[in-house]
Every structure is written in C-alpha cells, then in structure tokens.
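Asker: If you scroll down you'll find the structure; I have some questions about it.
Laboratory data are not the source of any read-out in this text; all were calculated from the coordinates shown. What you are looking at is a predicted structure, and each value in this text was computed from that prediction instead of being measured. Methodologically, a virtual Cβ is constructed for each residue, glycine included, from the backbone with ideal geometry; neighbour enumeration extends over all protein chains shown.
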Amino acid sequence: MGPQEGRYLAAFLNSAENLLADLVNTLQKLVHTGHMAINGSLHVQKVRPEPLHVHVLPQLRALILNGEVAPGDPLPETELATMLGVSRGPVREALRDLEREGLVYSAPRRRARVSTLDATDVEEIYSLRRSLETLAAERAASRATPAHFAEMEAVLSKMEAALAAEDLIRLSHLDVEFHDVIYRASAHGRLYRAWEDIRSQVTFFLVSRNVSAETSRSIAIDEHRELLQALVARNAPKLVLLTEQHLLGAYERLSQALVKSQAV
C-alpha cells in the first residue's frame, strides 16, 4: 500500500469512528429521554393483522344494503365463505355483527336470513330516528359550518344525478349521507354514536321505501333542499319542524307500501 492509499484509509477509519461515536451518543440520549427502551433488544410488539371478519363484515353489509340479496333471503355460511375465500368462522362472526345491526335475523339451528321489515320495525326505526334527528337539527342550526353546507350541496347534486338515472339504491345511500352531515354538524359525540348504531337500519328502511313506495323529485330533492336552506339560515325551529315532517312522510309512505304488499 502506498503513502496516498494509507492516508485515504486513515481518513476513512477516522470518519467511521466519528460516525459510530455520534450514533452511540444519539442512542444514549434516546434512552435517557424515554424515547427508546433498549435492554439487549428493542422493546416492540409484533404487529397483528386485523381479524378476517373485519374485512368480511362490510362486504356482507353491502350485499344487503345494495339490494343484492332481498329481505328474507338465506345467508348460507358455507357458500358465503367460499365466495369470499375465507373459512366459515369470519362469516359467522360477521353475521352476528349484522344481526346486532338489525340487518340479519337467525334462529337456533337455522340459517341466518336478511331481515324483513314489518309495521313494528318501521314504527320503531321512525320514532327513534325522529327523537335523535330533531335534537341533531336543533344543535346543528347554531353549529354547522360553511364546510358542512358545501358537503350537503355536493350530496344533493349526486342525489339529483341518481334520481335522473333512476338508481334508487344509490339515492337511498346518498339520502343517509346527507343526514349524516347534520348529525356531525350537531357536534354531539354521544348523539352521533347513537345515530351510527341505527344508521344501517335507516339505510335498509330507505332502500325498502324507495324500492317499494313512490319516489319523486319533490320527495327526494326538494325536501332535502328545504332542510339545507333552513340550516344555512340557522333557523332552528323551522329546521326541526321540516325534519319532523320529512321523517313522518318517509314513515307514512313505507307503511302504506307495506300494507299494499300484504294485501297482494
């Protein structure tokens, strides 16, 4: 090795020693400040994958709320598991969750089935939603922001497109999305969680209403436009009154459709 190569090697080794010293110093500081615990090895926990049923649940929920399976249809675990590429366990757990949401019902030693709506179901969903949503409307009138108004305008535009395309399933989901903004604008965490508990049932209610009962622009668009206008004006009494009338109309239309279907 020549003199020049020797100088390069010495400089490299000196630089490496300095880097190593800096690294040790940094690690010691992290230990002392509590940002890292080192005791022979780093103290970390293994990252655990989510349970499979967490991925199965939204797919089964979508089958129901998109009308791909009809009320009363069976939901066989084996066939669903094969279709989703999982074992029966995750499907069974997801069906239990859907039963808690009110979208599925089952009996001992019988296949789970998609829920059906009777007069009692419709009245209970309506009365509970009325109690929640009138409170949400009253609070949202003084708390909603321009961002909420813009979001609701955007949803209304999508509702108009869905109505024009006669896509009643999408219209139902957008209807829920519109009202979801009012709940969020109420700035009431417990109220919003109560809404989340019944949101799937409300969507199921609306899908059933739009498929079974009369749907027109005045119902689907104009009533929602009036709700938004009252919210923008921060007119709480009017917004609450319009909310009550809007929900009552939906309840009466679905109730009448159920009576007609039973008479057939």
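Asker: What is the distance in Å between the Cα centroid of segment 233-264 and that of segment 168-206?
Answerer: 15 Å
Asker: Shifting gears a bit: Can you pull a Stokes-Einstein diffusion coefficient for segment 107-222 at 37 °C (0.692 mPa s), Rh from Kirkwood over Cα pairs, as a whole number of µm²/s? Intermediate results must be reported in sequence, preceding the final value.
Answerer: Values: Rh = 15.4 Å.
Rounded to a whole number, D works out at 213 µm²/s.
Asker: How much length would be gained if the chain were fully extended between residue 187 and residue 216, taking 0.36 nm per residue of separation minus their Cα-Cα distance, in nm to one decimal?
Answerer: Values: separation 29, 0.36 × 29 = 10.44 nm, distance 3.17 nm.
Contour length minus Cα-Cα distance gives 7.3 nm.
Asker: OK, next. Please say if segment 133-178 is rounded, prolate or oblate, where rounded means a/c under 1.5 for a ≥ b ≥ c the square roots of the C-alpha gyration tensor eigenvalues, and otherwise the choice is prolate for a/b larger than b/c and oblate otherwise? Present the calculation step by step, with values, prior to reporting the outcome.
Answerer: On the way: a/c = 4.27, a/b = 1.95, b/c = 2.19.
Note, shape of segment 133-178 comes out oblate.
Asker: Roughly how many nanometres apart are two label points built 7 Å out from the Cα toward the Cβ at residue 260 and residue 79?
Answerer: Taking the simple label geometry, residue 260 and residue 79 are separated by 3.0 nm.
Asker: What FRET efficiency, computed as 1/(1 + (r/R0)^6) with R0 = 25 Å and r the Cβ-Cβ distance, is obtained for residue 233 and residue 128, rounded to the nearest 0.05?
Answerer: Numbers: r = 28 Å, r/R0 = 1.10.
Result of the calculation: an efficiency of 0.35.
Asker: Would you mind computing, in nm to one decimal, how far apart the modelled labels at residue 147 and residue 223 are, each placed 7 Å from Cα along Cα→Cβ?
Answerer: 3.0 nm
Asker: Using a Förster radius of 22 Å, what is the FRET efficiency between residue 111 and residue 196 based on their Cβ-Cβ separation? Nearest 0.05, please. It would help to have the intermediate numbers written out before the result.
Answerer: Values: r = 28 Å, r/R0 = 1.26.
It comes to 0.20.
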